[in-house]
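Working notes, structure below.
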Amino acid sequence: MTVQLQDTKRMAIAQKLADMKAVQNFLISNEQKFISATSDPDIRDRLQSMLEDDRKNLGIIETTIIQYGNPSEPNSTTEQTLKQAQKMMEDSNMTLFEKISQHELLKHAQVMKGLLVHKAAQVVGADVEAAITPLNTVNFENRSHQEQLKGILEVLGTRELTGQDPDQGVWSRVQDAMAALSGVFGSATSRAKDDMNILEILYEDHRKVDTLFMEIENTSDAKKREEFFGQIYKDLTAHAEAEEEVVYPAIRAQLPKVQHLYNEQAEMKQLLESIKSSNGSDASFMTQVKQLKEMVQHHVKEEENDMFNKFRQTMNEAQMQQLSKQFKEAKSRIQQSMAS
């Protein structure tokens, strides 16, 4: 019997993350249309700021999906809901007020999906919580957007009903509501930049696998050991192959020992396959997992002490962010290939 690489709980969360990505793309499309449809400078500015947040948050969701390591497709219900919403957004008989009302409902659904993912992560494992931490920013900003959309709806609705503007106190109420959210969501704040650089991405990968090793060591349940190892197998395989495709070639000229890193990862892959062919109740299972942990920790120490310093010495932030983009694209492609 071999280790089962698919964990139904993790795959359910993966599908919810795929739902969030699909909805996020639709929100961005809507906001672009709303900006073109209004001449009110205050509303346009608020929608433009919202659009910029949502573009950045799409990147955060995409990064979270890759860090999570379990690619999936959106739920068919979500796809159907978005098709229906698309028809409404294209209906010339619907007013801007009615369309933004529907948009606000989608924002609410997006918030609930994000919060549900966090609650599920607390049940499934610490590695899941670590992978989805960036969603805190997305959840906070979507709730903030809801309050802004309520203010926009008050303005548009009053104009449609009376032909006059509402009391301008609407915007101060919106700001008060947004400020109150910071207490609900804690210290969640927007990232100062659009993406993590390559060192931050690699560091997060390293910490996630540390967490998985800790989880596998802290349980005597053979099935849970297999579930945790299944995630280790997928994460380390995709991480290593993406590094060999993107990261190591980028630093080879500055790091003479880079071939040593290739060799270590080749040994790691062999051990991964060996463990995969066993099961959590085998006498050798935990012995091999311990060996893998020691091998990975040694490899990580060499990367973070030597390779990371070379990157800092030879690349600026923009170059490291570009390398991060290439690494994530490669890793996502590898994950999709492994899942098919």
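Values computed for the structure shown
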| quantity | calculated |
| --- | --- |
| For segment 14-109, Kirkwood radius (reciprocal of mean inverse C-alpha pair distance, Å) | 14.2 |
| Listed residue (Ala131, His103, Val117) projecting farthest to the positive dipole end of segment 97-151, Cβ model | His103 |
| Share of carbon and sulfur in the accessible heavy-atom surface of the chain [1.4 Å probe, %] | 50 |
| Cα-based radius of gyration of segment 195-334 once divided by 2.2 N^0.38 Å, which approximates compact folds | 1.09 |
| Total charge dipole magnitude, segment 287-334, about the Cα centre, Cβ charges on Lys, Arg, Asp, Glu only, Debye to nearest 20 | 200 |
| Summed residue charge, Cβ within 11 Å of Gly125's Cβ, Lys/Arg positive, Asp/Glu negative | -1 |
| Neighbour-limited loop hits for trypsin sites (Lys or Arg not before Pro), segment 206-275 (at most 15 other Cβ within 10 Å; DSSP other than H, G, I, E, B) | Arg252, Lys257 |
| Size of charge dipole - segment 203-300 - debye, nearest 20, with Cβ of Lys, Arg +1 and Asp, Glu -1, no other charges | 120 |
| Sorted peptide list for 152-163, 54-65, criterion being average Cβ within 10 angstrom, highest first | 54-65, 152-163 |
| 16 Å cut-off, amide nitrogen to a point 7 angstrom out along Gln86 Cα→Cβ, residues in segment 50-76 | 74-76 |
| Paramagnetic reach from Lys223 (point 7 Å along Cα→Cβ, amide N under 19 Å) across segment 10-24 | 10-13 |
| Inter-label distance for Glu267 and Asn75, nm, one decimal - labels placed 7 Å from Cα along Cα-to-Cβ | 4.6 |
| Residue among Ile232, Asn197, Gln265 farthest towards the positive dipole end of segment 187-266, charges placed on Cβ | Asn197 |
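The values are calculated or read from the model by the stated rules, or taken from the named source; none is laboratory data. What you see is a predicted model; the values in this text were computed from it and never measured. Positions of Cβ are backbone-derived with ideal geometry, glycine not excepted, and every protein chain shown enters the neighbour counts. Ligands, DNA and RNA are excluded from the accessible area calculation, which covers all protein heavy atoms including side chains. Shrake-Rupley method; radii C 1.70, N 1.55, O 1.52, S 1.80 Å.
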